[in-house]
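Enquirer: Okay, handing you the structure first.
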Amino acid sequence: MTVFQKLFTWWNGATIGTALFTARKGERVGEDQDGNIYYKARQGDRRWVIYKGEVEASRVPPEWHRWLHRTTNDLPDQSHYVPKPWEKPHRPNLTGSDAAYAPPGSLKKTTGRDRATGDYEPWRPN
């Protein structure tokens, strides 16, 4: 990543400011399977994550989410976290992309709009 990108793009990992703050005040506590790195403040109780690649909050796994939001003080490797059967793997947020959900009748659909069923009667003033 170029210096220019590091200075001005916050959506692709840590900016220079965040990296400097982390180097000065942070203590690395762990890493998840996606390569996101988790930190806590050396003094105080602040916790944060530096994403590997695109910054997308939904990429934080449930076991690290619990730690980041202080549901538990145990790190995931210490807590022996077992995922619930209803927990699913991460799916990226597709809003604004061509793969985003479009309801039936949407103008984004390329298949065209459903034909009217004939049960619609427009209101006409007397």
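Enquirer: Taking a ≥ b ≥ c as the square roots of the Cα gyration tensor eigenvalues, with a/c under 1.5 meaning rounded and otherwise prolate when a/b beats b/c, else oblate, which class fits segment 1-112?
Expert: Because a/c hits 1.5 or more and a/b fails to exceed b/c, segment 1-112 counts as oblate.
Enquirer: Evaluate the relative contact order of the chain (contact order divided by residue number), counting alpha-carbon pairs under 8 angstrom at least 6 apart; express in whole percent.
Expert: Across the chain, relative contact order equals 14 percent.
Enquirer: Count the lysine pairs in the chain whose Cα atoms lie under 24 Å apart, taking only pairs 8 or more positions apart in sequence or on different chains.
Expert: 7
Enquirer: Measure off 7 Å from each Cα along the Cα-to-Cβ vector at Ser97 and Thr71, then give the distance between these two points in nanometres to one decimal.
Expert: 2.5 nm
Enquirer: Let me ask something additional. Along the positive direction of the dipole of segment 1-112 (beta-carbon charges: Lys, Arg +1; Asp, Glu -1; about the Cα centre), which of Gly35, Gln5, Ala99 reaches farthest?
Expert: The residue sitting most towards the positive pole is Gln5.
Enquirer: Angle between the Cα long axis of helix 16-25 and the longest principal axis of the chain, 0 to 90 degrees, nearest 10?
Expert: 40 degrees
Enquirer: Please give the net charge around Asn36, taking every other residue with its beta carbon less than 9 angstrom from that of Asn36, where Lys and Arg add +1 and Asp and Glu add -1.
Expert: -1
Enquirer: Residues with amide H under 5 Å of Gly30's amide H, sequence separation 5 or more or different chain, H placed in the peptide plane at 1.01 Å from N; which?
Expert: Answer set, sorted by chain and number: Tyr38.
Enquirer: Zone of Asp45 (label point 7 Å along Cα→Cβ, backbone N under 18 Å): which residues in segment 61-81?
Expert: 65-76
Enquirer: What trypsin sites (Lys or Arg not before Pro) in segment 2-109 are in a loop by DSSP, with at most 10 other Cβ atoms within 10 Å of the Cβ?
Expert: Arg42, Arg70, Lys108
Enquirer: Considering only the other residues whose Cβ falls under 15 Å of the Cβ of Arg70, what net charge follows from Lys and Arg at +1 and Asp and Glu at -1?
Expert: Net charge in that neighbourhood comes out at +1.
Values quoted throughout were computed directly from the atomic coordinates according to the rules given, and no laboratory measurement underlies them. Small disclaimer: the values here were computed from a predicted structure and weren't measured. A quick note on method: Cβ atoms are made from the backbone with ideal geometry, for glycine too, and the neighbour counts reach across all protein chains shown.
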